[in-house]
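Working notes, beginning with the structure itself.
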């Protein structure tokens, strides 16, 4: 597993997800195992610098699987979790990251955005917002939960 090489993880316009790490395709955890998603618990359960990045996957706009591990092997990643293209505040933040992308890439990083929306909608958001970085679908918030 890769050490967490993320420059930043941001939860755009929504609550932080808290749960034990789970793998791509595993069912969402049982209710009794859930960690409350309060602001206090979010920080306590989130990954820290030096922690291993969870082995999670997403889907691209065509519904094909994409894994985080090869992304991290290429260098640090700014991983954005956002609610969806229907959220104007989230789209505004995605556009802000597009404006900042040059500086992030100059520092050796890359930007990736994740939403629980279906792949078709992430593709629409990508095109509408004119983003130069990928947006992937995170069905069931599996990746978001794995990051705490």
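The values are calculated or read from the model by the stated rules, or taken from the named source; none is laboratory data. A quick note: this is a predicted structure, and the numbers were derived from the prediction, not measured. Glycine gets a Cβ as well: all are built from the backbone with ideal geometry, and neighbour counts include every protein chain shown.
Inspection of the range 13-21 identifies no residue that is modelled with pLDDT of 50 or more, buried (at least 18 other Cβ atoms within 10 Å of the Cβ) and part of a loop (DSSP other than H, G, I, E, B). Of the residues making up the range 74-86, not a single one is surrounded by 22 or more Cβ atoms within 10 Å (Cβ to Cβ), touching a residue at least 24 places away in the same chain (Cβ under 8 Å) and out of contact with any strand residue (DSSP E or B) (no Cβ under 6 Å at 6 or more places or on another chain).
Mind listing just one residue for me: the one in the range 59-92 that is closer than 13 Å to residue 114 by Cα and part of a helix (DSSP H, G or I) and, of those, nearest to the chain's Cα centre (by Cα)? The selected residue is 68.
Of the set (1) under 22 Å from residue 147 (Cα atoms); (2) at pLDDT 90 or above, all apply to residue 51 but (2).
On the basis of being over 14 Å from residue 68 (Cα atoms) and crowded, with 18+ Cβ neighbours inside 10 Å, does residue 148 make the cut? Answer is yes for this residue.
Would you mind stating whether residue 111 is in contact with a helix residue (DSSP H, G or I) (Cβ under 8 Å, 6 or more places away or on another chain), farther than 20 Å from residue 42 by Cα and part of a helix (DSSP H, G or I)? The answer is no for residue 111.
Looking at the range 119-146 only, could you name the residues that are part of a loop (DSSP other than H, G, I, E, B), more than 11 Å from residue 58 (Cβ to Cβ) and in contact with a strand residue (DSSP E or B) (Cβ under 6 Å, 6 or more places away or on another chain)? Outline the logic, then answer.
As a first pass, look at the range 119-146 and keep what is part of a loop (DSSP other than H, G, I, E, B): 130-134, 138.
Subset that is more than 11 Å from residue 58 (Cβ to Cβ): 130-133.
133 - this is the single residue of the range 119-146 that is part of a loop (DSSP other than H, G, I, E, B), more than 11 Å from residue 58 (Cβ to Cβ) and in contact with a strand residue (DSSP E or B) (Cβ under 6 Å, 6 or more places away or on another chain).
In the range 107-132, the qualifying residues are those that are surrounded by fewer than 18 Cβ atoms within 10 Å (Cβ to Cβ) and without any contact (Cβ under 8 Å) to a residue 40 or more places away in the chain, and the one that is nearest to residue 48 (Cα to Cα) is 108.
Total residues in the range 94-106 satisfying the condition of being surrounded by fewer than 16 Cβ atoms within 10 Å (Cβ to Cβ) and out of contact with any helix residue (DSSP H, G or I) (no Cβ under 8 Å at 6 or more places or on another chain): the figure is 7.
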